[in-house]
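Here is the structure we will look at, set down as structure tokens.
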């Protein structure tokens, strides 16, 4: 299982010379399984580049796991090349948010006035699979577990397991309001990608926004003990130098190595 990061920024894209080392695209991670399946985690602006990379050899089918419907996690879906290929089956997995079904949420975004093409005219064969809290299922040889995390409006985190190796993906989670949120997904994972958006100085002014401070992230890492811990969902106002300072502080607080997620990084499990 390999996980390639195509976007790790949060809130909205932040392109420019100050973000070239860690990237400006929003959340998207592509997981290639041992049996050759492609599973995509979230559809932020980074999914557009993934689609371009796939255009020469489009997959016959793929699965997209959505954590929730905030724009930084779905903004790139309409510009993902495989959904415009009639020979591709795209399965969306994700939560029902409130009383609105997953299919209705995705179709509403991929329709006028937010998107120029009516959803019914999108060429790919699109299927929807609603995920319940604390549900586990199989995608080929990959075992996927979903669990709720702490984020306004509701969101899921995911744990992916294959061949005895585990990736935990928790891009949005406010540990300051629920220290237990996502712990079952992260505990003992080989690789953890987790929200670490705010410095400790910023967090009090952003209480309730749905994201974690460095202290809360570091405490979570100490508690769950993943093999590798990568800071994810970088704030759009944080340039590369700021992110590296934050990583150094998180490393000090956690008492162990902490890494920064970076656009273009591939993690082999």
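For residue 33, are the conditions met, namely being in contact with a strand residue (DSSP E or B) (Cβ under 8 Å, 6 or more places away or on another chain) and farther than 25 Å from residue 198 by Cα? Working first, answer last.
Numbers: in contact with a strand residue (DSSP E or B) (Cβ under 8 Å, 6 or more places away or on another chain): yes; farther than 25 Å from residue 198 by Cα: yes.
Criteria met by residue 33.
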The condition from (1) under 20 Å from residue 236 (Cα atoms); (2) under 19 Å from the mean Cα position of the chain (by Cα); (3) without any contact (Cβ under 8 Å) to a residue 40 or more places away in the chain that residue 201 misses is numbered (2)
Within the stretch 1-41, the count of residues that are closer than 22 Å to residue 239 by Cβ and part of a loop (DSSP other than H, G, I, E, B) comes to 15
Select from the stretch 102-159 the residues that are touching a residue at least 60 places away in the same chain (Cβ under 8 Å) and on the phi > 0 side of the Ramachandran plot and list them in ascending order.
140, 153, 154
Complete set of residues in the stretch 242-269 that are more than 23 Å from residue 45 (Cβ to Cβ), in contact with a strand residue (DSSP E or B) (Cβ under 9 Å, 6 or more places away or on another chain) and touching a residue at least 40 places away in the same chain (Cβ under 8 Å):
250, 258, 268, 269
What single numbered condition from (1) over 28 Å from residue 153 (Cα atoms); (2) touching a residue at least 12 places away in the same chain (Cβ under 8 Å) fails to hold for residue 25?
(1)
With 20, 39, 31, 74 as the choices, which residue is under 15 Å from residue 126 (Cβ atoms) and either in contact (Cβ under 8 Å) with a residue 40 or more places away in the chain or buried (at least 17 other Cβ atoms within 10 Å of the Cβ) (or both)?
74
All-but-one check, residue 44 against (1) farther than 27 Å from residue 210 by Cα; (2) modelled with pLDDT of 95 or more; (3) part of a loop (DSSP other than H, G, I, E, B), failing number (1)
Taking the stretch 179-203 and keeping only residues that are assigned to a loop (DSSP other than H, G, I, E, B) and in contact with a strand residue (DSSP E or B) (Cβ under 6 Å, 6 or more places away or on another chain), one is left with 181, 182, 189, 190, 196, 200
Do you know which residues across the stretch 196-219 are in contact with a helix residue (DSSP H, G or I) (Cβ under 7 Å, 6 or more places away or on another chain) and buried (at least 16 other Cβ atoms within 10 Å of the Cβ)?
196, 198, 199, 213, 214, 215, 217, 218
Scope the stretch 220-260; condition surrounded by 23 or more Cβ atoms within 10 Å (Cβ to Cβ) and assigned to a strand (DSSP E or B); matching residues
229, 231, 232, 234
Are any residues in the stretch 51-69 surrounded by 24 or more Cβ atoms within 10 Å (Cβ to Cβ) and over 15 Å from residue 106 (Cβ atoms), and if so, which ones?
none
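The values are calculated or read from the model by the stated rules, or taken from the named source; none is laboratory data. Quick caveat, the model's predicted, so the values are computed rather than measured. Note that we place each Cβ from the backbone using ideal geometry, even for glycine, and neighbour counts take in every protein chain shown.
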